[in-house]
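The values are calculated or read from the model by the stated rules, or taken from the named source; none is laboratory data. Keep in mind that what you see is a predicted model, and the values were worked out from it rather than measured. A quick note on method: Cβ atoms are made from the backbone with ideal geometry, for glycine too, and the neighbour counts reach across all protein chains shown. SASA here: full protein model, heavy atoms, side chains in, ligands and nucleic acids out. Shrake-Rupley method; radii C 1.70, N 1.55, O 1.52, S 1.80 Å.
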Amino acid sequence: MRIGSAAAGIVALGGLPGCIGRSIRFSRDPFTLGVASGDPSPDGVVLWGRLDADAVRNAGAMLEPIDVQWEIATDDSFRLIVRAGRADARPELGHSVHVEADGLEPGREYFYRLHCGGATSPVGRTKTLPELNAELQRVEFAFASCQHYEQGYYTALHHLSEEDVDLIVHLGDYIYEGTATDRGVRSHEGPEVVTLEQYRARYSTYRMDPALQAAHHAAPWVVSTDDHEVDNNYAGVVPDDDMSPEDFLLRRAAAYQAFYEFMPLRRSTMPQGPNALMYRRLRFGTLMDMSVLDTRQYRDDQPCGDRFKPSCDEHMDPARSILGGTQRDWLVDGLTDSDARWNVLAQQVLFARFRNYDERGRETWTMDKWDGYPFDRAALLDTFTEASVSNPIVLTGDIHSNWVARLLRDFENERSEVVGTEFTCTSLTSGGDGEPQSRIGAEALPYNPHFDFYNSQRGYVLCEVTPGAWTTTYRRVPSVEEPGGPVEDLATFVVENGRPGAQRL
Ligand code: FE
Ligand code: CA
């Protein structure tokens, strides 16, 4: 469909807020980055697009807002357009658009596309959430993390794009900020990214990948950030690199802005300088509440020097937090008030205790994870029990390996009550092909009997949620260092309603 007939649909539906964007003609495709949708609600969803920088430059419009039209239909050939409108792609946001479409029906599949300057975008599929109090019988979603561009091809994302899921949850490390190397299967080019222009270029490189675009086109995404969207293992205002807190906050502002510009996020997430409100909650009827956490922006610095370390005084300071007080209160209140059957924390770093021993035989903690913040972890484990939270499930990324854990009321006592279940997903590419058991994981297993499963290959995870049971299927791609290749089931686990801890099928 050309722009003329689309415009007819727009006028008929009357969605014409005051726009200042200029109408232009492009001499090359402005939609090379594809489209995306995300953060669905029962009556709406965010539609995302971003105009190709070269196309905008060629059109002489780098400094101007540009008029973009959007359409939502119930069919992928757009015979029945149910919502449409226009938005400004503003130069301040890299000519991206974030349309918060509303007036949609709950729990329904839709198709969307954008038009601009005589060009039409690819078509995306999306789905709204069910009604707030719907007695939903099933949700199927996927989660994944860690997609270093240089360390593998997006074979897992290609296969993920062909799964029929209601939602894709990304737990962070969408980009990696580091200097390009020639050691990988491809290069993400340039030095370590620090400025807004550099972060934008890095996201563009990743987002040009057809498999990543296909995964965005297949389902709405709920995205969160971990460290590499900004800087390896950063903590609040403390960088990994040698940089003052003031300079680091400028960098964090640039990083969060680029993340917002490239993701289907609501305006409420738009950064204000170095701050961006990224924790939020999605409700899937009475079946599932999903709290999406931000374990980087508000955390205190990792104690005892970060990485695997014996405990120290700083570690045992109960004032230190990984969530920050405001987010922790919001989470505890949300869990306490929840009437959902399944209560999910979609977050970044390993929640369960990961015990190991150093070369001097001293017990170590992994300080970048929840292990480094034991009082926040204990507060949540206490909440699970004391507030009788129904079926807590923690979803985790970051560590480039698959794990299943029983969450213990007291991790210092392996016989203590099991109060929840953690599923950690491996990376999509980071670390290259991997192997079934890496040394560090295999070594630690005997010291951590609360883990029921471990694997260190690449892939993603599917979850099927019903009132009676939660089913997690780990999907494995045997190789990401060669293009193409299959996906296969690796292992499946079930959590029965009311019985924390996973059982392998
Ligand atoms: Fe990672
Ligand atoms: Ca990470």
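A few comments on the model shown:
- Size of electric dipole in the chain: Cβ of Lys, Arg +1 and of Asp, Glu -1, about Cα centre, debye, nearest 20: 1200
- For Glu414 and Thr336, the difference between the fully extended length at 0.36 nm per residue and the C-alpha to C-alpha distance is 25.5 nm.
- Annotation: segment 185-331 has a Kirkwood hydrodynamic radius of 17.1 angstrom, from the mean reciprocal C-alpha pair distance.
- For segment 137-223, the relative contact order is 38 percent, taking Cα pairs closer than 8 Å that sit 6 or more residues apart in sequence and dividing their mean separation by the residue count.
- Assuming charge only on the beta carbon of Lys and Arg (+1) and of Asp and Glu (-1), the dipole of segment 367-505 about its Cα centre is about 240 debye to the nearest 20.
- A simple spin-label model places the labels of Glu131 and Tyr447 5.3 nm from each other, with each point 7 Å out along Cα-to-Cβ.
- Separation of segment 417-445 and segment 150-167, taken as the distance between their Cα centroids, equals 19 angstrom.
- Placing a pseudo-label 7 Å from each Cα along the Cα-to-Cβ vector at Glu359 and Ser438 gives an inter-label distance of 2.0 nm.
- Calculated mean residue ellipticity at 222 nm for the chain: -5500 deg cm²/dmol, from DSSP H runs with n ≥ 4 weighted as -39500 (n - 2.57), summed, divided by the residue count and rounded to 500.
- Think of the chain as having a plus end and a minus end, set by charges on the Cβ of Lys, Arg, Asp and Glu; of Gly431, Met288, Leu129, Leu129 sits farthest toward the positive end of this dipole.
- Span-like helix ranges in the chain, DSSP H, alpha carbon extent 30 angstrom or more, Kyte mean at least 1.0: none
- Spacing of the modelled spin labels on Met316 and Glu488, each 7 Å from Cα toward Cβ, amounts to 4.9 nm.
- Carbon and sulfur %, accessible surface of the chain computed with the full protein complex present, 1.4 Å: 49
- Segment 315-464 - convex hull of the alpha-carbon atoms, volume per residue in Å³: 118
- Here the contact order of the chain, divided by its residue count and restricted to Cα pairs under 8 Å and six or more residues apart, works out to 14 percent.
- Accessible area per residue in Å² at 1.4 Å probe, computed on segment 314-380: 35
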